[in-house]
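A.B. asks: Below: one structure in structure tokens.
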Amino acid sequence: MQPLLSWVQLLALALCVCQICALQTRPRTDDIDYELSEENEGSFTPQPLRPPPWQETPQPQEAPQEARVQVPGVGDIVGIRGYKTISNRPINAFLGVRYAQVGGGLGRFQQARPVPFQGRVDATTASPNCAQFPELQRLQTAEARGENVDDCLTLNIYAPEGARDLPVLVFVHGEMLFDGGAEEAQPDYVLENEIVLVSINYRLAPFGFLSALSEQLPGNVALSDIHLALEWLQRNLPYFGGNSGKVTLVGQAGGATLVHALSLSGRATNLFQQLILQSGTALNPYLIDERPLETLDTFARLARCPNAGRSLAPLYDCLSRLPTSQVVSAFEQLFQQNEARGLSFLGGFKLVVGDPLGYLPEHPAALAANSANSTVPMIVGAAKDASAFILSRFYDQIQRVQSQNVSDFINVVLRHTAPPSQHQLWLDWARREIFSQEHDRTASAYSVSQGLLELSNMILYRAPVIYSIRLSHKKSPVYLYTFDYRGEYHRFGHLDNPLPFGVDASLSDDSVYLFPYPPEASRLNPVDKSLSRALVTMWVNFAVTGIPNQNPGVWPKATSEYGPFLRFTNSRQNMLELDPHFGDGLYAPNLYGSYFNTTNSTTTATTTTTTTTTRRPYVYNPYPSWQQSPYGYNTTTTTLTTTTTTRRPTYAYNPYANWQQNRQPQPPQAFPRRPTDPAYERAQEIRRQQVIREQQEREQRLREQREREQQQQENQRREEEEREKQRLQEQREQEAQRELEKRYQMQREKLQREQLQREQQEREQREQEARDEWERNREPAQVNPEEQLEQREREQREWEQREREQREREQREREQPFQPAEQDERELDDREQQEREEQQRQQILEEQRRYYEERQRELQQLEQEQREQQAREQQELQEQQQREQEQREQEEREQQEREQQQREQMEGGHQPYEPNQPEEDQESSRRPYPSYEDYLRRDDEEEPANFEPDSEQSSNRNYSEEQEREQQQREQLYREQQERERQSHNPTDDEEDQQDRRQPYQTYEEYLRANAEAEAAVAAAAAAAQEQTDPENDPSAYENYEDYIRAQEKRQEAEERDRAVQEGWEDSRPEYPGYRQFVSNHHNLPQNAKQLRRQQRPKL
């Protein structure tokens, strides 16, 4: 025991000594701070300012933590804990939570099914958007990988950590109901408050709205998707910290149209308690399809499906078999081809009245007029110039109007915004309320463009809002607003504005201040950020208390369908104004008189004073500031804003008008400092200078960043244009390839038909010859009438016997009891046989496709080689001509020099110059000198003087003789080949003919049957011999099956060419090159033969 205790005591002592040493060697933090403070006491250095969040260097992120929620009936949903940190609070995110399941085939156009229990649900990644043509390439890639692109009915849920019984905002994205997704609702602004945010994905375009008004193709499926999502949230919101009794639906543009239609239908009662409609209602005529069956016919034609006739079964079968990407591509064609034609020709993305699902049994105006519908509190309004987005898409048609009558310009707008039944009503209203009589004689696209924008705003957004709340505002609170504020960003700022003036807030611009989307519009400046907080606060207050602003007089509820309403203005001094008239002094026409009782309306448009004082004529502006920046979306000009915002009536109530005047100025507080400390003053000055420099650098970085972003946007735009050009080029190439394949197929079918006709004619000719031969070989003298009669009786008895046996077999089969097992086996065999046949057909089609592709590649390669050959020949010809030209010039110079020398010699030796002699005599007295051709002939020692014509004649004779010999050789080879083939195909024709003459036949049918059997036997023997002798028919002689198939295809092509030669098609082949080609190539250029000889002759 003693040794053990000593060892324990020694070990404890050693540990204590180590700890004491460590404490003595560790420096004291107080001493270090004190020493540092003493060292830095003489010079103060300020701490550097923290850079803004968007300039901070991103730190490597750790793996996200899991946030688990147990939901009965759904499973264990695993989300992201701390997805973002907003207002110093972690926000949990549950992304891509599936709430319904879409069927396959035709089920893609039908009502979805609830999702069963899923066990563990991965909610850490957002699901892709529902099928839409802006993402067509993504759909095709996903389908190629075998993914289910139709499984898109999901939710994104954002909730603060530890949330419990919080109000819920459910966002439904919109725009035009054929694009967009749940990703548009990001939590950065909204979740600064105590609230839960949910966004919904639903089916778009044909999958959500294409309708045949039948159970198989009902339409309004998007409403069913939103309905299923609300039912799922009603059951499961408490598990995410939300209160299922405080749900507020927020719809943007087309999404507002859907949620308003769902509220009018009465199918979603108690699933939500309040509505916020931003620039959209169910009465918007742009999103109501009045001709769904015509839309279905057009879509079927573009999708290459049978038209909707008496039976829709073929159309249903075609739609069920079409891939999702092809359906989306067909809708894209429908939209692009028919958008320019007008509103009546657009469909496939609109609500349908009378759908079998029962969401819109009547027109939405009739449902809005029913006092039992739409009794929930709501915020409803629109962006000031919301229709500028749609007007800009057909403004080019307005510019092409060659008229000075304003009615012609109005009709263009009505064709794209209003149903035909309302055109005359809107035309009379616009000429009376918006335009003056002067515009009937002096109208132009520029002078009436603002009035046309006001007209389209009234048709698409303001009038639908007025009629939507005409009766509902009496039963439940309604808060009206218009969003005029034009900030730094537009929702569709990447699109050019063709209008000849800048616009204020356009479609969906208010959503930029609710959610940081798109990403390029997420960096708000301080002024835009203050408006964003005010807007978010009002929306959240409405979701929590049902009142957007608790301050009295700021935003009261509407007392009529026209107001009062709150206006978000462009004024920096006062961004909120309260105005009394939602139509800016204009009263909407009576569009739905059959639904609404106009006597119950609370409007005061009964005096003529209102009409005359609120009319706003649009006259020519002699100082158009739009010329400096014609695209108002990308500019920040404020001149035009003054023109558009001063249209409000002067009697608008402003609750903040005297706020600045009543505010008492506060005296500035003195900054505490130590004036007697010069070091402190210097330190403060240094820090101030540093802050100024940092501010300047930050501004410079911001400017550079904006320039880079603008450059990136410009590059993206150019890349998109290049991609669009490339897509169009590929489309044209595909169309050309399809046309080429079609022509090739037609030519091939024509050749096959001709081949079949020739074979039929040959067969008939052989039968006729055989019949004649048999008739000639008959011996009528040896035929016995009694034997012939007996033969006929015997044949008659045999025929009767076969008939009786056939009837007995049929009777036994009918009397035999039914055996289901054998029937099932027969059906199974039939199905297997059909599957094998289908596989064979697919294999044949695949082989044909490969053959066509190879043929196309060969044709392209041949065309490329021909073009290269032509380019080389052209280049060689140009070089040859240049060399010949240089040689001719050189020879002419030498000839002139020699002539000059000879003339000088002749004049010096024999012909002295006489100045008085006439010129003609001088010329005649000279020695005649031969021409250049004579000179060449004289110098040519091997050729006589008349060499050229004789040589040409001899060459003509030689080439013509050579051509005749070649022609005779080809004919002789052709005859020998025909003879060999005839002998190989019919080696025993003489023996068979002799046998036929020796063998007697009772009837002509027996003779034909025997002849056919003999021909089949000969053909089989020849084919077997050829297969045995020909190694090309042996698949084992090739490395793989593809090489064997290609060899067989080449062999078939060679056989087709041989048959064409046998049938007299050799005349269509290119002519064998001979003398005529030589003459045509060489005599097109003058003196070509002479130039050739000059090249062969040595230079002088």
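A.B. asks: Which condition breaks for Thr281 when tested against (1) part of a helix (DSSP H, G or I); (2) open to solvent by less than 10 Å² (accessible area, probe 1.4 Å)?
C.D. replies: (1)
A.B. asks: Here is a further query. Would you confirm whether any residue within the range 108-117 is open to solvent by 70 Å² or more (accessible area, probe 1.4 Å) and under 23 Å from the mean Cα position of the chain (by Cα)?
C.D. replies: No, the range 108-117 contains no residue that is open to solvent by 70 Å² or more (accessible area, probe 1.4 Å) and under 23 Å from the mean Cα position of the chain (by Cα).
A.B. asks: Conditions first: (1) part of a helix (DSSP H, G or I); (2) buried (at least 23 other Cβ atoms within 10 Å of the Cβ). Ser506 passes all but one, so which condition is the exception?
C.D. replies: Going through the list (1) part of a helix (DSSP H, G or I); (2) buried (at least 23 other Cβ atoms within 10 Å of the Cβ), Ser506 breaks only (1).
A.B. asks: Kindly list, by first and then second residue, each pair from a residue in the range 285-307 that is on the phi < 0 side of the Ramachandran plot and among the aliphatic types (A, V, I, L, M) to a residue that is in a strand (DSSP E or B) and crowded, with 17+ Cβ neighbours inside 10 Å, limited to pairs with Cβ atoms under 7 Å and residues at least 6 apart or on different chains.
C.D. replies: Every condition considered, the pairs that remain are Leu287/Leu351; Ile288/Leu351.
Condition check ((1) aliphatic (A, V, I, L, M); (2) modelled with pLDDT under 95; (3) open to solvent by less than 10 Å² (accessible area, probe 1.4 Å); (4) in contact with an Asp or Glu (Cβ under 6 Å, 6 or more places away or on another chain)) across all residues:
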| site | (1), (2), (3), (4) |
| --- | --- |
| Val221 | yes, no, yes, no |
| Leu233 | yes, no, yes, no |
| Thr257 | no, no, yes, no |
| Asn270 | no, yes, no, no |
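A.B. asks: Also, quick follow-up: Going residue by residue through the range 208-228, is there one that turns out to be over 25 Å from Ile86 (Cβ atoms), in contact with a strand residue (DSSP E or B) (Cβ under 9 Å, 6 or more places away or on another chain) and of a type in the set (Val, Ile, Thr)?
C.D. replies: So far as the range 208-228 goes, yes, one or more of its residues are over 25 Å from Ile86 (Cβ atoms), in contact with a strand residue (DSSP E or B) (Cβ under 9 Å, 6 or more places away or on another chain) and of a type in the set (Val, Ile, Thr).
A.B. asks: Please work out which one of (1) under 29 Å from the mean Cα position of the chain (by Cα); (2) surrounded by 16 or more Cβ atoms within 10 Å (Cβ to Cβ) is the condition Pro160 fails and give its number.
C.D. replies: In the conditions (1) under 29 Å from the mean Cα position of the chain (by Cα); (2) surrounded by 16 or more Cβ atoms within 10 Å (Cβ to Cβ), Pro160 misses (1) alone.
A.B. asks: Right, next: Under 8 Å between Cβ atoms, at least 6 apart or on separate chains: pull out the pairs that start in the range 132-147 with a residue that is open to solvent by less than 50 Å² (accessible area, probe 1.4 Å) and end on any residue that is β-branched (Val, Ile, Thr).
C.D. replies: Within 8 Å, the pairs are Gln132/Val328; Phe133/Val328; Leu136/Val328; Leu139/Val149; Leu139/Thr324; Leu139/Val328; Ala142/Val149.
A.B. asks: Across the range 285-321, what is the total count of residues that are open to solvent by 20 Å² or more (accessible area, probe 1.4 Å) and part of a loop (DSSP other than H, G, I, E, B)?
C.D. replies: Counting residues in the range 285-321 that are open to solvent by 20 Å² or more (accessible area, probe 1.4 Å) and part of a loop (DSSP other than H, G, I, E, B) gives 10.
A.B. asks: Against the condition closer than 30 Å to Asn370 by Cβ and among the polar types (S, T, N, Q), how does Thr298 come out, does it pass?
C.D. replies: Criteria not met by Thr298.
A.B. asks: While we're looking at this one, here's another question. Which residues, counting only those in the range 336-389, are under 17 Å from Gly254 (Cα atoms) and modelled with pLDDT under 90?
C.D. replies: Phe389 - this is the single residue of the range 336-389 that is under 17 Å from Gly254 (Cα atoms) and modelled with pLDDT under 90.
A.B. asks: Being open to solvent by less than 100 Å² (accessible area, probe 1.4 Å), at pLDDT 85 or above and among the acidic types (Asp, Glu) narrows it down to one residue among Glu759, Glu724; which is it? Steps first, answer last, please.
C.D. replies: Working: Glu759 fails: at pLDDT 85 or above.
Result: Glu724 is the single residue among Glu759, Glu724 that is open to solvent by less than 100 Å² (accessible area, probe 1.4 Å), at pLDDT 85 or above and among the acidic types (Asp, Glu).
A.B. asks: Can you name every residue in the range 241-250 that is more than 37 Å from the chain's Cα centre (by Cα) and open to solvent by less than 10 Å² (accessible area, probe 1.4 Å)?
C.D. replies: Residues satisfying the conditions are Gly241, Gly242.
A.B. asks: Residues being out of contact with any helix residue (DSSP H, G or I) (no Cβ under 7 Å at 6 or more places or on another chain) and more than 21 Å from Gly174 (Cα to Cα): count how many of those fall in the range 497-519.
C.D. replies: 0
A.B. asks: With the range 364-483 as the region, which helices (runs of 4 or more DSSP H) entirely inside it contain at least 1 residues that are in contact with a Ser or Thr (Cβ under 9 Å, 6 or more places away or on another chain) and either open to solvent by 10 Å² or more (accessible area, probe 1.4 Å) or without any contact (Cβ under 8 Å) to a residue 60 or more places away in the chain (or both)?
C.D. replies: 364-369, 388-391, 395-399, 406-417, 423-433, 439-442, 445-457
The values are calculated or read from the model by the stated rules, or taken from the named source; none is laboratory data. Since the structure is predicted, the reported quantities are computational estimates derived from the model, not experimental observations. Cβ sites come from the backbone with ideal geometry, for glycine too, and all protein chains shown count toward neighbours. Heads up: the accessible areas ignore ligands, DNA and RNA and are worked out on the full protein's heavy atoms, side chains in. Shrake-Rupley method; radii C 1.70, N 1.55, O 1.52, S 1.80 Å.
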